[in-house]
Amino acid sequence: MSEFTPMSRPQHLPARIAAALSLQIREGALKPGDRLPTELALTRSFAVSRTVVREAIAQLRNEGLIETRQGAGAFVIQRPARHIRLEDGRMEPHAFRDLFQLRLPLEIEAAGLAATHHGPEHLEQLDAALARMAAPEASGDDVMLGDLDFHRAIAAATGNAYFVQFLGAISDRILHTIIDSRARARPEEIGPQVEREHRALRAAIAARDPVAARDAMRAHMLGSAERVALRLQLYG
């Protein structure tokens, strides 16, 4: 397997590490059945924390590229024919509108399906993501990664693997919007607002109310767009 190079901010984010490992898989340096390097080895190779490595591993698992085995580590699995991955690259601010125009219908539908099909494990994942974001000792990275975790849990709760795969494919772009929105506002302002939106979503999903869940996601997406200075034009 090829050696990795340390990543400097902002490239040390989990999505970048996931992209580097995905490239190894796509190019055959890591083949189905191969074991990924240990967390310790990856933290040393990329010069990042274990928290960041674990998030990257979680993303690869959500994308269907690897599986984790208790006590054994993470292993490459046969790549699904329907796997989705966008070419990695820096996202320019003018592309935010394009991303939100795609996310708006996708995430609204995911919220409605999650309200209908979720299991108790998905509510546990939503609660874990909320706790990660709200923890008093949470770092900026913890808050942002918790935000991604929350949306991944909703995608998983749909019961439709395409939502999980597609969200994984655009998660790096979504992270750019989260970073930008938090750079524009003070944490004490944006934090409570985002938490209210997420908790409204969680409540609607838990109540198995797809209409309320869709409405809550619509409000959250519009709020997210406004936090990066976008006003989306809606139809209907």
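What follows draws every value from the coordinates through simple rules; no lab data is involved. Everything numeric here is computed off the predicted structure, so don't read it as measured data. Cβ placement follows ideal geometry from the backbone for every residue including glycine, while neighbour counts extend to all protein chains displayed.
Excluding Ala110 itself, calculate the net charge of residues whose Cβ lies under 11 Å from the Cβ of Ala110, where each Lys or Arg counts +1 and each Asp or Glu counts -1. Don't skip to the answer; put the middle values down first.
Details: positive: Arg103, Arg152, Arg214; negative: Glu107, Glu109.
Taking every other residue near Ala110 into account, the sum is +1.
Considering the chain as a Gaussian network with a 10 Å cut-off on Cα pairs, which listed residue, Ala213, Ala135, Ala203, attains the greatest mean-square fluctuation?
Ala135
Is there a quick way to get the dipole size of the chain? I mean about its Cα centre, with the Cβ of Lys and Arg at +1 and of Asp and Glu at -1; what is the value in debye to the nearest 20?
Using only the charged Cβ atoms, the result is roughly 300 debye.
Compute the angle between helix 140-157 and the longest alpha-carbon principal axis of the chain, please, reported from 0 to 90 degrees and rounded to the nearest 10.
80 degrees
Which value in Å does the Kirkwood hydrodynamic radius of the range 14-76 take, with 1/r averaged over all unlike C-alpha pairs and then inverted?
11.5 Å
Please report Rg over Rh for the range 93-227, where both radii come from the alpha carbon positions and Rh follows the Kirkwood definition.
Answer for the range 93-227: 0.93.
Counting each DSSP H run of 4 or more residues in the chain as -39500 (n - 2.57), what helix-only mean residue ellipticity at 222 nm follows after dividing by all residues, to the nearest 500 deg cm²/dmol?
-21500 deg cm²/dmol
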